[in-house]
Every structure is written in C-alpha cells, then in structure tokens.
Amino acid sequence: MITVYTDGACVGNPGPGGWAWAVAPEGAPSGSGGERQSTNQRMEIRAAYEAMRSLVGELTIVSDSTYVVNCFNKKWYLNWQRNGWRNSQRQPVANQDLWKPMVAIYDPKIHTFQWVKGHSGNRMNDLVDQLAVAASKGPFDVAAAEHEPESPPTLF
C-alpha cells in the first residue's frame, strides 16, 4: 500500500494555480504542475488525479480537500454519472474535464481516500502544500495551458 499526499493551491481564486503530490514517508517520488488560470478546487482535484495516474498499485490518497475525499468516500460520483454529470442542484458538475477521467481510473479495490486537516503541522501535508504553492508561480507548460478553460472557472 502506497500512501500519497496531495494538495492544490491558488493565488487568488480564480488565479494562477498549482497542484502537487508526494509519497509518504519521505516525499519521493513526487509530482507537481500548474495552470495559469485556475481555482483552488480544480487544483485539489488535479493533484489527486495526477497521483492516481502516476502511481501503480494500492493507493491511499490523503487530501485536505473534503470535496475530493467525499466525492469517493460518499460516492457522489455515482449520482453525478446517473444524473448526466449534474449535481444535486441540477447544475453541471464543475471541472468535469478532471472528474470524468479520474472517475474512469478509480477502482475502489485499490484506491482509498483519507482526509487530513490542512495547515495543522502534518509534515507531508505541509510538504505538498509548499510544492503546490511553488507550482502556482509557474512556469506553466504548453500542454497544461491547452487544457485550461477559456472562460474563468467556477469556484466549485
């Protein structure tokens, strides 16, 4: 079982954003990146998605985002799929370009999600926070820019 910590950061919301993941207990391997225009929620989702894409085997994904953790632990994604990717208010689920491929690779037999309180002195959570903040400063690669939304993203 691999334990990976994830975090997202945004300078302004929306604004330049960064995401990061790192494997406990030493912080390696790790990954990070960012988008010129993003939201904090988007970066939290992206961090978990990139960790899932990058690491093979049983994963415990630790995040300080209740939104990301609850999506899987409370199975929100099942209702979103049933409702044509609309939320309980019948509005389109934000950040579907990240949620859909993340849900597609999610396997409850090998992926578990755990919440950690942010900015509470957890060494690994602090590390991925620092990496995400650094990534929010750029440089931003061309491939990431191609996937950025053309209009300002929503906050959720």
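Readers should treat all values here as calculations from the given coordinates under stated rules, not as data from a laboratory. Since the structure is predicted, the reported quantities are computational estimates derived from the model, not experimental observations. Methodologically, a virtual Cβ is constructed for each residue, glycine included, from the backbone with ideal geometry; neighbour enumeration extends over all protein chains shown.
A few remarks follow.
- Annotation: amide H-H contacts under 5 Å for residue 111 (H modelled 1.01 Å from N, sequence separation of 5 or more, or interchain): 59.
- Ranked by the mean number of other Cβ atoms within 10 Å of their residues, highest first, the peptides 3-15, 40-52, 69-81 come out as 40-52, 3-15, 69-81.
- The charge dipole of segment 20-112, taken about the Cα centre with unit charges on the Cβ atoms of Lys, Arg (+1) and Asp, Glu (-1), comes to about 540 debye, rounded to the nearest 20.
- Here the label points at residue 3 and residue 123, each 7 Å from Cα along the C-beta direction, are separated by 1.1 nm in the simple model.
- Here the gap between residue 26 and residue 104, fully extended at 0.36 nm per residue and compared with their Cα-Cα distance, gives a gain of 25.2 nm.
- Computed E for residue 36/residue 96 - FRET, C-beta separation, R0 22 angstrom, nearest 0.05: 0.65
- Projecting the Cα atoms of 112, 49, 39 onto the charge dipole of the chain, computed from C-beta unit charges around the Cα centre, puts 112 farthest toward the positive end.
- Computed about its Cα centre, the charge dipole of the chain is approximately 640 debye, with only Lys, Arg, Asp and Glu carrying charge at their Cβ.
- The chain, helix-only ellipticity at 222 nm - DSSP H runs n ≥ 4, -39,500 (n - 2.57), divided by all residues, nearest 500: -11000 deg cm²/dmol
- Cα-projected label distance for residue 74 with residue 55, points at 7 Å along beta-carbon direction, nm: 2.4
- Among 65, 28, 17 - extreme Cα towards positive end, dipole of the chain, charges at beta-carbon: 65
- Among 89, 131, 6 the positive-end extreme of the charge dipole of segment 2-146 (Cβ point charges): 89
- Using the Cβ-Cβ distance between residue 83 and residue 11 with R0 = 41 Å, the FRET efficiency computed as 1/(1 + (r/R0)^6) comes to roughly 0.80.
- Annotation: amide H of residue 86 within the under-5 Å range of 93, sequence separation 5 or more or interchain, hydrogens built in the peptide plane.
- Radius, Kirkwood style, for segment 1-152 when every pair of distinct Cα atoms is counted (Å): 15.4
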